[in-house]
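S.K.: Mind having a look at this structure? Questions to follow.
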Amino acid sequence: MLKNKIKKLCLIGGLMMSLLPFTHTAQAADKELIVATNLGFVPFEFTEKGKYVGFDVDLIDAIAQKLGLKYKWRTMEFGGLVSALQTNNVDMVIAGMTITPERQAVVDFSDPYYQAGLAVLTRLKDEHIKTTADLAGKPVAVQTGTVAVEYMKKEVPTAKLNYFPEVNNLYLDLLTGRSDAVVHDSPNVQYYAATAGKGKTRVTGFIDTNESYGIAFPKGSPLVAEVNKALKELKEDGTYDKIYSKWFGKIE
């Protein structure tokens, strides 16, 4: 009799454990999640005709549909995104954020959803900068709180860094001549050079920093496992490839 009771308790316990992810998702579906980002990181998140658009925007929308979640956007400076997660003021962050050991110590990340590096951008007619070594002693525009800052401090410590909270200000600083170069995430730099910066700027080099972008969450968030599951399914059913091709071209 006692054995039967123990078996029943084990079965019930196992069933409850197997339902935990679904319970978390159901709880999340009952409220409107707050997804934070930093607009201006083209082509990941920016505004077009008053609407939020970009690779990250489409990806979050696909994840939300897959999980049946409701969400709203909150925009803020990039440097404040991690602290917003630490204080539980937002439920998740997607902003082309690189997964680093320092960030992993204070927030949780999804599986990587994009591989990137850094690129160097100069004015079109400036030919004196050809490698990162040429940035030594020169003014370089970087975005506060990014991997570019860490890279420049470590690899080109004599460069004079001009810090900006928003990406668009990096390019403006370059065009006005205050900075001789911009060091920033390669997809954004390439997109700018091919669009608004066409005929005025050029990409002079790429830096392989082995960067992986991830969606960030407060420590211990139950959403991490569910988002990872959704990402896996989106890659398997071809949805991820469609979103990628829309913003970056066909995947070879």
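The values are calculated or read from the model by the stated rules, or taken from the named source; none is laboratory data. As the structure is a prediction and not an experimental result, all values here were calculated from the model. Heads up, the Cβs are rebuilt from the backbone with ideal geometry, glycines too, and the neighbour counts pull from every protein chain shown. SASA here: full protein model, heavy atoms, side chains in, ligands and nucleic acids out. Shrake-Rupley method; radii C 1.70, N 1.55, O 1.52, S 1.80 Å.
S.K.: Which cross-chain or sequence-distant (5 or more) residues have an amide H under 5 Å from the amide H of Y114, H modelled 1.01 Å from N in plane?
M.R.: When sequence neighbours closer than 5 places are left aside, the close amide H contacts are Y213.
S.K.: Please report, as a whole percent, how much of the solvent-accessible surface of the chain comes from carbon and sulfur atoms (probe radius 1.4 Å).
M.R.: On the way: 7210 of 13040 Å².
So the carbon and sulfur contribution to the accessible surface is 55 percent.
S.K.: Ok, one more. Pairs to check: K51/K130; K31/K219; K154/K198. Give those whose C-alpha atoms are more than 27 Å from each other in this structure.
M.R.: Details: K51/K130 38 Å; K31/K219 19 Å; K154/K198 30 Å.
Where the Cα-Cα span goes over 27 Å, the pairs concerned are K51/K130; K154/K198.
S.K.: Here is a follow-up. All other residues with a Cβ under 13 Å from the Cβ of S186 taken together, and with Lys, Arg as +1 and Asp, Glu as -1, what is their net charge?
M.R.: Details: positive: none; negative: D185, D208, E211.
Combined, the nearby Lys, Arg, Asp and Glu give -3.
S.K.: What percent do you get for the relative contact order of region 29-89 when only Cα pairs under 8 Å and 6+ apart count? Could you put the intermediate results ahead of the total?
M.R.: On the way: 64 pairs, mean separation 26.0, N = 61.
Over region 29-89, the number comes to 43 percent.
S.K.: Collect residues whose amide H, placed 1.01 Å from N in the peptide plane, falls under 5 Å from the amide H of G205; neighbours closer than 5 in sequence don't count.
M.R.: Those lying under 5 Å, H to H, from G205 are V120.
S.K.: Expressed as an acute angle from 0 to 90° and rounded to the nearest 10, what is the orientation of the C-alpha long axis of helix 2-29 relative to the principal long axis of the chain?
M.R.: 40 degrees
S.K.: Shifting gears a bit: Assign one of three labels to region 116-211, namely rounded, prolate or oblate, based on the Cα gyration tensor with a ≥ b ≥ c the square roots of its eigenvalues; rounded applies when a/c is under 1.5, prolate when it is not and a/b is larger than b/c, and oblate otherwise.
M.R.: rounded
S.K.: Right, here's the next one. So what is the accessible area of region 156-220 per residue, in Å², with the probe set to 1.4 Å? Show your work: numbers first, answer last.
M.R.: On the way: 2890 Å² over 65 residues.
Counting only protein heavy atoms, the per-residue value for region 156-220 is 45 Å².
S.K.: Then there's this: For Cα pairs less than 8 Å apart in space and 6+ apart in sequence, what is the mean separation divided by the residue count of the chain, i.e. the relative contact order in percent?
M.R.: In percent, rounded to a whole number, it is 27.
S.K.: Please name whichever of N89, V147, F55 sits farthest to the positive end of the charge dipole of the chain, dipole taken about the Cα centre and charges placed at Cβ: Lys and Arg +1, Asp and Glu -1.
M.R.: Result: N89.
S.K.: Solvent-accessible area of R123, probe 1.4 Å, all protein chains present, reported in Å² to the nearest ten, please.
M.R.: So the heavy atoms of R123 present about 50 Å² to solvent.
S.K.: Under a 1.4 angstrom probe, counting protein chains only, how are H128, H184 ranked by accessible area, largest first? List each step's numbers first, then the result.
M.R.: Details: H128 95, H184 0 Å².
Per-residue accessible area, sorted high to low, gives H128, H184.
S.K.: Let me ask another. Apply the Karplus parameterisation 6.51 cos²θ - 1.76 cosθ + 1.60, with θ equal to phi minus 60°, to every residue of region 180-190 and state each ³J(HN,Hα) to the nearest whole Hz, in sequence, with x for glycine and proline.
M.R.: 3J(HN,Hα) across region 180-190, in whole Hz: 8, 7, 10, 10, 7, 4, 4, x, 5, 5, 4.
S.K.: Starting at the first residue of region 154-167, write each ³J(HN,Hα) from the Karplus equation 6.51 cos²θ - 1.76 cosθ + 1.60 with θ = phi - 60°, in whole Hz, x for Gly and Pro.
M.R.: In residue order, the calculated couplings are 7, 8, 9, x, 8, 5, 9, 7, 9, 8, 9, x, 10, 4 Hz.
S.K.: Mind listing the Cα extents of region 82-150 along all three principal axes, in Å, largest one first?
M.R.: Reported extents, whole Å, longest axis first: 46, 22, 20.
S.K.: Roughly what angle does helix 55-67 make with the longest principal axis of the chain, taking Cα atoms, 0 to 90 degrees, to the nearest 10?
M.R.: 0 degrees
S.K.: What is the Å³ per residue value for the convex hull set by the Cα atoms of the chain? Walk me through the intermediate numbers first.
M.R.: Details: hull volume 38.5 nm³, N = 252.
So the per-residue Cα hull volume is 153 Å³.
S.K.: Each residue of region 90-104 in turn: what ³J(HN,Hα) in whole Hz from Karplus with 6.51, -1.76, 1.60 and θ = phi - 60°, glycine and Pro shown as x?
M.R.: Working through the residues one at a time gives 9, 8, 7, 10, 9, 7, x, 8, 6, 7, 10, x, 5, 6, 5 Hz.
S.K.: Highest GNM mean-square fluctuation, the chain, Cα pairs closer than 10 Å: which of V182, V142, V53?
M.R.: Judging by the Gaussian network model, the answer is V53.
S.K.: For a 28 Å ceiling on Cα separation, which of these pairs sit above it: K49/K232; K72/K246; K153/K232? Don't skip to the answer; put the middle values down first.
M.R.: Working: K49/K232 32 Å; K72/K246 23 Å; K153/K232 36 Å.
In this structure, K49/K232; K153/K232 exceed 28 Å between Cα atoms.
S.K.: Please give the calculated 222 nm ellipticity per residue for the chain, where each DSSP H segment of at least 4 residues contributes -39500 (n - 2.57) and the sum is spread over every residue; nearest 500 deg cm²/dmol? Let's see the in-between values first.
M.R.: Numbers: 9 runs with 102 residues, N = 252.
So the calculated ellipticity at 222 nm is -12500 deg cm²/dmol.
S.K.: Non-local amide H neighbours of K160 (under 5 Å, H modeled in plane, Pro and chain starts lacking H): which ones?
M.R.: G137, K138, V140
S.K.: Next question, about the same structure. Any chance you could give the angle, 0 to 90 degrees and rounded to 10, that helix 239-248 forms with the longest Cα principal axis of the chain?
M.R.: That works out to roughly 10 degrees.
S.K.: How much accessible surface area, in Å² rounded to 10, belongs to the heavy atoms of E48 with a 1.4 Å probe?
M.R.: Near enough 100 Å² of accessible area.
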